[in-house]
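The values are calculated or read from the model by the stated rules, or taken from the named source; none is laboratory data. Given the structure is predicted, the values throughout are model-derived calculations rather than measurements. All Cβ positions, glycine included, derive from the backbone under ideal geometry; neighbour counts span all protein chains shown.
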Amino acid sequence: MTAPLLEVRDLVKHFPITRGVVFKRGIGAVQAVDGVSFSVAPGETLGLVGETGCGKSTTARLIARLLEPTSGEILFDGADLAAMRGSQLKNARRDVQMIFQDPYSSLNPRKTVGSIIEQPFQIHGLLGETGARRRRVQELMEQVGLNPEHYNRYPHEFSGGQRQRIGVARALALNPRLIIADEPVSALDVSIQAQILNLLSDLQRDLGLTIIFIAHDLSVVRHMCDRVAVMYLGRIVELAPAEQLYANPQHPYTAALLAAVPVPDPERRGAPRALLGGDVPSAASPPSACRFHPRCPRATAKCSEVTPQLEASDDGSLVACHYPLVRGEALAERQRDA
Amino acid sequence: MSTSPLLDVRDLKVSFRTDDGLVEAVDGISYSLEQGRTLGIVGESGSGKTVSGLTLLGLTGSRRTEISGEALFDGTDLLALDEQQLRKVRGQGIAMIFQDPLSSLHPFYRVGAQIIEAIRAHQKVSKSAARARAIELLGMVGIPDPAGRVDAFPHEFSGGMRQRAMIAMALSNEPRLLIADEPTTALDVTVQAQILELLDRLQQQLGMAMIIITHDLGVVAETADQVAVMYGGRIIEQAESRELFDNPQHPYTWGLLRSVPRIDGGSGERLRPIPGRPPSLIGLPEGCAFAPRCVLANDACLHGRPRLESAGPDSHTAACVVGLDQRAKAWQATQQDLDDSAIKTAAGVSK
């Protein structure tokens, strides 16, 4: 196996909760990301999935250093991004770019598309000679399927799908090696979604990009990713090759998450499914040990006392569970609606 | 099933006069729904699906709106009612739940108080009786400890609980029709599954009819008995749910079905998106609104608006002028995941 492009080790981000205006004192912390480790090989697409508040976006922002990690290492090509400062960090950022969820709020409405895509060159002082930036920007627009003649238009003149293409062009501007796509299609209509997903696949193939793909839509993740990490309340509960994870989920949470996805097939209607009860608990006061145990149908006393570690199972996937599902085993069905 | 339908919408048109021109949001749709059944309305943003729902409750009326057609609810035309009469229908006859449960609950009032208000708006009951009913309703929609939670504020509820509270409020006067506009879009999948199951159970318990408006074909497949697919303000295909998924007859429906990656499908295969984007509803061209994006489009598609015509059993209709046998061949080719030119060849359509 080749050396990973990105290796995240024991990444932690706690947001302090404070009380008081003048004398701020910490009264707790939202444990948004709590000990996450994974690695991404060059050219690979790693999916991060999970429900709202599981820490997937925070993880993305930590890797892009848009947030300061509380602790942990982010090794990009061997160098620790988490420890970098100043110009060193600025240079490293050329290799790590992000695509955001909302194509409406992630583009400055007062700037033309041309200047939005050009900005990375300005920041890094690249392509100084006259006309070079413009040529490169138009090349990028062409590459993501925009009309280069629309260089001088403003974001509001574009549809949602086209705006997302602008976001992709901006992310590609500096020839990054790693793209972090945070819910890149969830704000788009289904017919447009497929266009953007195909664009990302094509670009990855042509440019040899490595992608961290974050989404809550499990079908989209399955389509895009080589490996998938499932997060729950700030921790990875299962990490496996996509085929394996979807065919044979081992963590009860993964199984429940998969069972909850509606399938466009009316034959399945009303079929009994393993549904999870309740909601995701608050990350400010997460349950003890295994954070999933209050909702888990397989939980025993051990689950609230001993934290399960992410360990390799027989088939090579990593699972953090004391009682993982064996191949083909279904999660016990809960009584229909409590 | 020969009873008259609970809701019979005939040639409903809704248009808005705006500074940019006339927006024909809903352009002549007709459907009917019987007691106890669920209709799924599917479409992308701007297809008119939400406006068609809001109009039934008189929520789109303004000086700049033009509404025509009929919407017979139990024999009375909803579109002809005045505000006073509409208030009676809202809540009691037809209730609606919306996509975003946070913005549909008033943040300053306790959840229970908002449900009590809804009950007392329609029924002459004492405050304490209404409160007891509110607690009962919260229990019915699966909120744990309803007696303790009735005095909570909306911000103390999670997204799923808020949507449950909205459902409790919508059901407080035992409506005969519940319109759910993207009821689970703002929710996580595990919570979405809970809410869909809840709606299914409540419908069986209360025997009400339901309209589920959504962009998610998966949600439709899991909830609806019959489906209407909307595009550019019109219904372009309508059928029983099973029939629609087994034997879709409109190229747009095919496009929708195959542009969504399926969780039970193979990974890595290329998605086949619908090219282009949904049309603007201002000044739609004369022909089929989908023609500019359609693989099978020919000259005939550009002239005259296709009507819904019989396309299969159980009053399956589709609005497409391309011949049935041509479409059958094209659908076969589509299922084999051929590309567009191969589909054209298979269907015998010349470029």
Is at least one residue of the stretch B:164-172 surrounded by fewer than 19 Cβ atoms within 10 Å (Cβ to Cβ) and either part of a loop (DSSP other than H, G, I, E, B) or more than 29 Å from the chain's Cα centre (by Cα) (or both)?
-> no
Please indicate, with yes or no, whether at least one residue in the stretch A:14-26 is touching a residue at least 24 places away in the same chain (Cβ under 8 Å) and within 30 Å of B:G160 (Cα to Cα).
-> yes
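Here is a yes/no grid of residues against (1) out of contact with any Pro (no Cβ under 7 Å at 6 or more places or on another chain); (2) farther than 14 Å from A:C296 by Cα; (3) at the interface with another protein chain (Cβ under 9 Å from one of its Cβ atoms); (4) not small (G, A, S):
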{"position": "A:L218", "(1), (2), (3), (4)": "yes, yes, yes, yes"}
{"position": "A:R222", "(1), (2), (3), (4)": "no, yes, yes, yes"}
{"position": "A:A229", "(1), (2), (3), (4)": "yes, yes, no, no"}
{"position": "A:R235", "(1), (2), (3), (4)": "yes, yes, no, yes"}
{"position": "A:N248", "(1), (2), (3), (4)": "yes, yes, no, yes"}
{"position": "A:H251", "(1), (2), (3), (4)": "no, no, no, yes"}
{"position": "A:V261", "(1), (2), (3), (4)": "yes, yes, yes, yes"}
{"position": "A:L275", "(1), (2), (3), (4)": "yes, no, yes, yes"}
Only one residue in B:L54, B:L137 is under 20 Å from B:D11 (Cβ atoms) and modelled with pLDDT of 90 or more, so which one is that?
-> B:L54
Going by the structure shown, is A:V185 without any contact (Cβ under 8 Å) to a residue 40 or more places away in the chain, within 17 Å of A:P103 (Cβ to Cβ) and under 15 Å from the mean Cα position of the chain (by Cα)?
-> yes
Which one is surrounded by the fewest Cβ atoms within 10 Å (Cβ to Cβ), of the residues in the stretch B:310-334 that are within 22 Å of the chain's Cα centre (by Cα), modelled with pLDDT under 90 and in a loop (DSSP other than H, G, I, E, B)?
-> B:D314
Return a yes/no flag: does the stretch A:306-320 have any residue that is in contact (Cβ under 8 Å) with a residue 24 or more places away in the chain, within 14 Å of chain B (Cβ to nearest Cβ) and touching a Leu at 6+ places or on another chain (Cβ under 8 Å).
-> no
Can you tell me how many residues in the stretch A:232-266 are over 19 Å from B:A193 (Cα atoms), part of a strand (DSSP E or B) and not acidic (D, E)?
-> 6
Subset of the stretch B:199-245 (residues that are in a loop (DSSP other than H, G, I, E, B) and either buried (at least 20 other Cβ atoms within 10 Å of the Cβ) or at the interface with chain A (Cβ under 10 Å from one of its Cβ atoms) (or both)) = B:M208, B:H215, B:D216, B:A224, B:D225, B:G232, B:G233
Taking the residues in the stretch B:27-60 that are aliphatic (A, V, I, L, M) and within 13 Å of the chain's Cα centre (by Cα) as candidates, determine which candidate is nearest to B:W254 (Cα to Cα).
-> B:V42
Restricted to the stretch B:187-198 and to residues being aliphatic (A, V, I, L, M), in a helix (DSSP H, G or I) and touching a residue at least 12 places away in the same chain (Cβ under 8 Å), the residue farthest from the other protein chains (Cβ to nearest Cβ) is B:I195
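One line per residue, one yes/no per condition, for (1) away from every other protein chain (no Cβ under 12 Å); (2) within 17 Å of B:P278 (Cβ to Cβ); (3) modelled with pLDDT of 90 or more; (4) in a helix (DSSP H, G or I):
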{"residue": "A:G167", "(1), (2), (3), (4)": "yes, no, yes, yes"}
{"residue": "A:A181", "(1), (2), (3), (4)": "yes, no, yes, no"}
{"residue": "A:A187", "(1), (2), (3), (4)": "no, yes, no, no"}
{"residue": "A:Q193", "(1), (2), (3), (4)": "no, yes, no, yes"}
Lone unmet requirement of (1) surrounded by 18 or more Cβ atoms within 10 Å (Cβ to Cβ); (2) within 7 Å of chain B (Cβ to nearest Cβ) for A:N198 = (1)
When you scan the stretch A:63-120, how many residues do you find that are over 26 Å from A:A41 (Cβ atoms) and part of a loop (DSSP other than H, G, I, E, B)?
-> 14
Residue check: is B:T184 surrounded by 24 or more Cβ atoms within 10 Å (Cβ to Cβ) and within 14 Å of another protein chain (Cβ to nearest Cβ)?
-> yes
If you take the residues of the stretch B:250-274 that are more than 8 Å from chain A (Cβ to nearest Cβ) and at pLDDT 80 or above, which of them is nearest to A:L199 (Cα to Cα)?
-> B:R258
